[in-house]
1. Any chance you could check the Cα centroid distance between region A:442-465 and region A:604-677 for me, in angstrom?
2. Could you tell me which helices of chain A pass both thresholds, a Cα extent of 30 Å or more along their own axis and a mean Kyte-Doolittle hydropathy of at least 1.6, with helices taken as whole DSSP H runs?
3. Among A:144-154, A:102-112, A:272-282, how do they line up by average Cβ neighbours within 10 Å per residue, starting with the highest?
4. Calculate log10 I(q)/I(0) of region B:26-93 for q = 0.22 Å⁻¹, where I(q) comes from the Debye formula with a single equal point scatterer on each Cα and nothing for solvent.
5. Once you list every other residue whose beta carbon is under 11 Å from the beta carbon of residue B:119, what net charge do they have if Lys and Arg are +1 and Asp and Glu are -1?
6. Taking the alpha-carbon distance from residue B:95 and a cut-off under 16 Å, which lysines remain once sequence neighbours fewer than 8 residues away in the same chain are dropped?
7. Sort chain B into rounded, prolate or oblate with this rule: let a ≥ b ≥ c be the square roots of the eigenvalues of the Cα gyration tensor; rounded if a/c is under 1.5, and if a/c is not under 1.5, prolate when a/b is larger than b/c, oblate otherwise.
8. Sorting A:100, A:676 on the 10 Å Cβ count, fewest up front, what's the list?
Amino acid sequence: MSEGSETGFDRSIYDRFPTKGRRPKGELEQLREIWCGPKGWQWITAINNNFVGVYYVGAAMLFFVLAGVLALVMRAQLALPLNGVLPQETYNQVFTMHGTVMMFLFAVPAVEALGVLLLPQMLGARDLPFPRLSAYAFWAYLIGGLAFFCSLFFGLAPDGGWFMYPPLTSTTYSPGINADFWLLGIGFIEISAIAGAIEIIVGVLKTRAPGMSLDKLPIFAWAMLVFAGMIIIAFPSVILATTLLELERALNWPFFDATRGGDPMLWQHLFWFFGHPEVYIIFLPAAGAMSTMIPAVARTPLVGHWMVVLAFLATGFISFGVWAHHMFTTGLPGASVGVFSAASMAVSLPAGVQVFAWIATVASGKMRFNTPGLFVLGSLLIFVMGGLTGVMAAMVPFDWQAHDTYFIVAHLHYVLIGGMVFPLFAAIYYWTPMVSSRPLSERLGRWTFWLMFAGMHLAFLPMHLSGLMGMPRRVWTYAPGRDLELPNLISTVGAFLFAAGVLIWIIDMVRNFRPFGSDAGNVYDGPGLEWLPAELYSVRSIPVVKSLYPLWDQKTLARDVEAGRYFLPGAPTGGRETLVTSPVQAEPQHLLPMPKPSGWHVWAAVFTAGFFLLLTVQAYAASIVSAVLATYCVIRWCWFLDHPLPQKEVDVGAGLMLKTYASGPSSTGWWAMVITLVVAGMVLAMSVFSYVFLWSRSQASWSAPIGAETLAVAAMNLVAVLCAWLASRVLAKPPRLTVMLTVAAGALVAGAWWIDLKTWQGAGLSPDLNAQGAIVHAMAAWQGFFVAVGAIMAVYVVLRWLFGYVGPDRPATIQLVGLFHAYVAAQGLVTLGVPRLFAAVPA
Amino acid sequence: MTTRAADESFKGWPPPVLDPAGPFAAPLNTLTWGLLAMAALVMVVVLVALAFALFAPRPWRKRLGGEKLIWIAGLGFPVVVLSVLLVWGLSLTNKLSERPQPGDLRVRVTGEMWWWRVAYLDAAGREVLQDANEIHVPVGRTVAIELESTDVIHSFWVPRLAGKLDMIPGRRNILRIQADKAGTYSGQCAEYCGGAHALMAFVVIAHAPEDYARWRARAERPALAQPSTGAVVFEKSGCGACHTIRGTSANGVAGPDLTHVGSRHTLGAGILPNNAGTMSGWIADSQAIKPGNRMPAYPVLSGQDLRAMSAYLESLK
């Protein structure tokens, strides 16, 4: 065993690289052939990140432009007092859509897309570990997003604001299906964001180039890792919130209805527990891109690399303690206001560290004023201004004045445009040469920058003033004679100037952006692996990484990589594959065979979108058919997984033999399942929070039925855990035993769920009776969903057994199904225990 | 005279947030200026650092380009600034969120879509008087405003008198305000409440104590309604189903109390000056003036009836 090794890997093997001698003839051609993209209309079946990443960024920018057009229409309406461009009703839909589309359909997908496009290249992987998952996430997002946007053209767009506060969004005050479009449309797109986050976490931790230990991990990958972790923690909260509100709307379960023990404040807590981290979720990847581009543009390593990494982690951590600063005017108790105020100020410290790390880097190098350089500098200035008004708003008494006024509109646009849009434009200019055969134009880029920079300040600087002059947010018009005319007119002019900059960028893209062919190369002399010569298979061979800036430190690296002198110079298994390495030291562990393009994930996305959209328009039968079809497509997609290759071990270069099959914690599938269960656990945790919150607001104490059934439910869930655990232990025995144990685990959790539900109904608690009825049934519904998925998995295992696909040579499926069943059983224990626990305590 | 005062209350310059008129707003003004100065100072520090990083001679830049800069300017400096601010902010928060005192005047304001129901309470919390869309207060006396809502969330904001506070169904928030000078102060809903949120305003009118007593005595009397054509039209058109005019058969509670509507400063919840012309316009087609509001338009009324009813309502002083 090698000294200090994570997996027992002998690191002296790295010294065999770069290898000597010529590579066999035909190897490169085979690699090209294996990774070539689908032809013709089949481009939609592409799964390689070189395609999907570009589609993904493109779709996000499409939504940026669409939501930007909405902003222009709003600014036209507000240019003059009592203007008649948009009627009130339409304006309310337009501002809701602007915020919603910018946050959910542009900002989060855009940074996720950047990750999908860049990470495999930066990490030296051939692709992300679950290419079909990211393609699925992309198609679900695009179809769902376009359908959601089109609701605007039918007057069906939501009009409750992007924050959707009940009771305004309850059926009493929003009877149409507009609000349902938001709840189901956005709820669905959140699922796609989570799928992307799982992909990114596993990709960063498991598919790095050998030797790229965490201390050599590119700063962008660090940012994406924290970003994805934050999505895993934050998004479940809004998924729960949207589910509860939709249940209240569709089935009259009173979570937020104060007349039946609900509380509109519950929504605000759940929404902002997601909503504020969301801002940092958007900001972190952009900050990671800044910390990547500034060193490249200034030609010097990032000063304070570790401080910046720690700043990412601190941002992620603190951002979960600031959500209530959106609620300073709701009359929260004084002590909690103090804590949230302090946390809101503390979260600006890591931002300060990053800003001065960038300034120090600029100082230690020599800045080039090319287009990416201008955009990063502009970003820095705008972001600092937004951060400072953020500190102002974190001061509770000031927020009492500024909250919900144009001052905050100015603040948030400074933060988001400075913290995300400008870095994104810098990134687009900087990385276009990596994907396009021509770089973007420097001349047009300068025009774009200056127009956007000037337009940004012209549009948003006056808004600080109009806010202090008393102009509230979300108003479709304002009265004349209040001196609001001038600042509003200036803002409108600025908005159109900004749009002119974006228009020039679009022209630049049309003229110069040519993806999927050759690339323009390392135009900006970047130091990362993404600048290695590459084709659709990514790099010819996967290098051993020895430093943070490999291309600057190893002058011959590009040549050796291109000559196939490192890992995986060909395709030893004859199919698509990439190296899987260990999470800390990035030591090679095994080879991961990867799928080829296929249609199943696309159909799965179509039918998933269909399910949600048909549900929105209340076509219930059709939506169920769509759900069944989506499930079928997912099963077909999974069916190809977990088949061992005939070659148990292959040579991945220099005689290093790696296994082609993995299960358990070293495999990517295991990581993905565990992260998925963390997401589920977060939804559960937030529903427990909801239970306790509503319980604390209840006047009478909430009772819960306790009896023999309680013990039976607990026992059944415990036995289910045991069965799930045993199932993969007995694989060496006849497969029938494993299958029986799996089915038993699924049946036990289902039975326990049924008995628990019946006990509540026996106790006379109906879901529309009061808040307790609603939240107990919501938890039961959540558990019921997992029971159903567990049942489908059990049936899937039976089917695979019938086909002879269950055996000791392929334990992965059984392990993952077992993990899932064990989780469902544990969740059953929580949903059983929490109400009983609080029944014993008076509120 | 009245409309003039109302007009002044809506002036945007100087910015109301920076033009406090009472002890609950004045510290916020000081704080705002303090924060603006802090923001300007930090911005200058960043700009100077960046300018040096970009353009200074190499040896200077070399000195700047190390981790020391991050420790001092990126961490140390903000920690000091933020600590000072935090102490200031929290002590001010505590001071301004004191519970209502026994001597405070009690007023309950209920947010409605999209107007304000105002009830003056006695010390025991019993309702003495109902009014709408304007709040009368005596100068120099603290008023504890009990904020409630029966429909959706609204937010009560009079920037010259205090910060804003939300009105949340199922909860009661108390905001204390005090005006140090007689005058009118504009207020509006700050929390998006759907439909006509943009047009949901009101005024606070501060009187010298003796004027306040006079106003209160008059407001507590029932309407001085003489029999008139307008009163008949009002009754025949069914207006009393939604509106109350104390002393008449009109006793509806869905809409604003109109007992002394003629003496109000504004119509339509703070959006129009109050005179016979605007009153007629509002009755005939309030939907054109304030789309989506809960009062139907009355295009069926003849011009004569409309004028008569407006004259009647305007006479309710």
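Read-outs: derived from the displayed coordinates by stated rules, not from any lab. No experiment lies behind these values; they were computed from the predicted model shown. Cβ atoms come from the backbone with ideal geometry, glycine included; neighbour counts cover every protein chain shown.
1. A separation of 44 Å, based on Cα centres.
2. Details: long enough: A:49-78 (42 Å, 1.55); A:178-206 (42 Å, 1.48); A:219-251 (47 Å, 1.82); A:264-298 (50 Å, 0.97); A:371-394 (34 Å, 1.80); A:442-468 (40 Å, 0.57); A:485-512 (41 Å, 1.26); A:668-697 (44 Å, 1.49); A:708-729 (32 Å, 1.40); A:735-762 (40 Å, 0.72); A:771-802 (46 Å, 1.46); A:812-839 (41 Å, 1.24).
In chain A, the long hydrophobic H runs are A:219-251, A:371-394.
3. Answer by packing, highest mean first, reads A:102-112, A:272-282, A:144-154.
4. The Debye formula, applied to the Cα set alone, gives -0.94.
5. In short, -2.
6. B:164
7. It comes out prolate by the Cα gyration axes.
8. Ascending number of Cβ neighbours within 10 Å: A:676, A:100.
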